[in-house]
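Read the structure below first, then the notes.
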Amino acid sequence: MLSVVVLLAVVLLLPTLRAYVNQTGELRELRGDLEQAQAEHDELEAELARWDDPAYVVREARDRLNFVMPGERPWRVLDPETVVDDTDPQTGRTITDGPVRGYEAGTPWYEAIWASVQVAGGQPASSGQEGDGEGGAGTTPSEGAQQPDDGTSPASGENG
């Protein structure tokens, strides 16, 4: 009779004990997930707080969106590996600090782009300089327009 009572107690308590162990493991996993979610929440809150700083907003706009402030002139070097020296291909003079001036103030954008395409599409000069990637290699659009467009002559400013 005692063995029947013990067997009945084991049969009744075993599922309850198994459910308790399973729920304890699930609770441990959920607490770990909660800690990870709380850490991610804190990290996102810190990032959100950084956006309240105007200097951070300006830096992110410059880095992510390539924005510039009014009055600034943007320059982008497309392939910095090809720019090996600081000699103007048109004049042969050393370029000092600052942007290369090559286009007049009233030059239409399409002439500046076409002159840049001609410089980029031609054979590189003997010095290896191909320009800075922005069409500011020291050539003027009028010089590029004076070159014959038969594809055999060098691009503007390369032999100068």
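Here is how the numbers come out for the structure above:
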item: The listed residue being more than 20 Å from ALA120 (Cα to Cα), modelled with pLDDT of 85 or more, open to solvent by 100 Å² or more (accessible area, probe 1.4 Å) and not β-branched (Val, Ile, Thr), out of LEU44, LEU8; result: LEU8
item: Those residues of region 95-122 which are among the aliphatic types (A, V, I, L, M) and at pLDDT 70 or above, in sequence order; result: ALA105, ALA112, ILE113, ALA115, VAL117, VAL119, ALA120
item: Breaking point among (1) surrounded by 12 or more Cβ atoms within 10 Å (Cβ to Cβ); (2) modelled with pLDDT under 70, for LEU78; result: (2)
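The values are calculated or read from the model by the stated rules, or taken from the named source; none is laboratory data. In this text the structure is predicted, and so the values were computed from the model without any measurement. Glycine also receives a Cβ, built like all others from the backbone with ideal geometry; neighbour counts cover every protein chain displayed. Remember, those area values only see protein heavy atoms, side chains included, never the ligands or the DNA or RNA. Shrake-Rupley method; radii C 1.70, N 1.55, O 1.52, S 1.80 Å.
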